Amino acid sequence: SISPDPPSSHQRFRAKYNLPFYLLCDTDHSVAKAYGAWGEKKNFGRTYQGIIRSTFVLDEEGRITKVFPKVRPAEHAQEVLQYL
């Protein structure tokens with residue numbers, strides 16, 4: 001997982017959910033921009049720049065094999081599991 005949140009936020013989240021893997025920080029949004037996951041969002045009539053929740057499945061060689069754009073967290077885990 002990569003997000004723009006700072007390392008301290010990732011550490012708390014990882015501990016809270018006892019995650020066995022690291023969460024990567026993208027505080028300058030460079031990774032999100034490179035993957036097209038940073039852009040214009042709208043919420044309650046307000047327009048702003050932010051993370052467009054997306055999932056990218058990579059193969060062993062780092063190539064993208066599947067993109068799930070604009071995901072909804074509540075339903076997304078099952079969708080990814082079905083793909084894998």
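Worth pointing out:
- Charge tally around residue 76: other residues with Cβ under 12 Å, Lys/Arg +1 each, Asp/Glu -1 each, net +1.
- Amide H contacts under 5 Å for residue 5, placed H, 5+ residues apart: 26
- Radius 11 Å from Cβ of residue 10, net charge of other residues (Lys, Arg +1; Asp, Glu -1): +1
- Per-residue ³J(HN,Hα) for region 18-25, Karplus 6.51 cos²θ - 1.76 cosθ + 1.60, θ = phi - 60°, Hz, x for Gly and Pro: 6, 6, x, 9, 7, 10, 8, 9
- Shape category assigned to the chain from the gyration tensor of Cα positions, a/c cut at 1.5: rounded
- Computed over the chain: relative contact order in percent, which uses C-alpha pairs under 8 Å that are six or more apart: 18 percent
- Nearby lysines by direct alpha-carbon distance to residue 41 (threshold 21 angstrom, same-chain neighbours under 8 apart not counted): 33, 70
- The charge dipole of the chain, taken about its Cα centre with unit charges on the Cβ of Lys, Arg, Asp and Glu (plus for the first two, minus for the last two), comes to roughly 420 debye.
Each value in this text was obtained by applying a stated rule to the coordinates, not by laboratory testing. Please read all numbers here as calculations on a predicted model, not as lab measurements. So basically every Cβ, Gly included, is an ideal-geometry build from the backbone, and we count neighbours across all protein chains shown.
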